[in-house]
Amino acid sequence: MNTHLHVEQDNVKTYSERFRLFNLILFLSAFIITARLWYLQIIQGQDLRAYSEKNHVKQIKLRAPRGLFLDREGRILVENIQGYSVVISPQYASQLKKTAQVLSQILHIPASKIIRKVKKSRYQNGPFRTVKIKENISLDEVREILKVRLDNPGLDIEKVILRSYPLGENGAQVFGYVGEISKPQIKEYNKKFKGQYIFQQGDIIGKRGLEKVWEAEI
């Protein structure tokens, strides 16, 4: 009788120790999970939320039209016209190699050059800024790209504002021309126009003539 009671006491003691160990493991697990959730939501909450929102954002730069040049009688000497550009959004370009080959046949640009351009921009500017593949494409090229756009993620057409010079070569020396800002010019112009404008890669500025001289005014 005493032996049987002793065995039962030993069993109860063993199960009691296991039960305490189980409770300890359960408590530690709950503590670790709670601490992790607190860290993610409180400490890193804002950063993670911003990152999540960026994954759903397509960054598009809206280019403001430059001012017109008029003569003293109000006749247009330099104006803006609408054009179209082919762009690729790196974060959506899941079939970049295929898309580059399709564009190569339409735009007559080597596919390898398109791939390099997209990868370089993704590395330098991040995945959210669109990459301009070709500007001022023809209406025939627009139609061809619209046919294949849905089958090529990240491929799109953007409306752009282009500069038009009705006087052609006769006014070239005076009015000059515009072009995309270069890396050295970004630093130069941000310093020159500090407090007025912020220049970034992809911006169009005056390169020569009055387009350059009157950059701040137009």
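Rule-based calculations on the coordinates, nothing more; no lab input. What you see is a predicted model, and the numbers here were worked out from it, not measured in a lab. Cβ: placed from backbone, ideal geometry, glycine included. Neighbour counts: every protein chain shown.
The figures follow:
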read-out	value
Only Lys, Arg (+1) and Asp, Glu (-1) charged, at Cβ; the range 117-199 dipole about Cα centre in debye	600
Cross-link table Lys97/Lys187; Lys98/Lys119; Lys97/Lys147; Lys120/Lys183; Lys159/Lys191, entries beyond 22 Å C-alpha to C-alpha	Lys97/Lys187; Lys159/Lys191
FRET efficiency, 1/(1 + (r/R0)^6) with R0 25 Å, evaluated for Gln101 and Asp140 via beta carbons	0.85
Shape metrics for the range 97-218, restricted to C-alpha atoms - Rg then Dmax, Å	17.2, 46
Charge-dipole axis of the range 73-218 as Lys and Arg at +1 and Asp and Glu at -1 on Cβ define it, positive-most pick from Ser85, Gly176, Gln124	Gln124
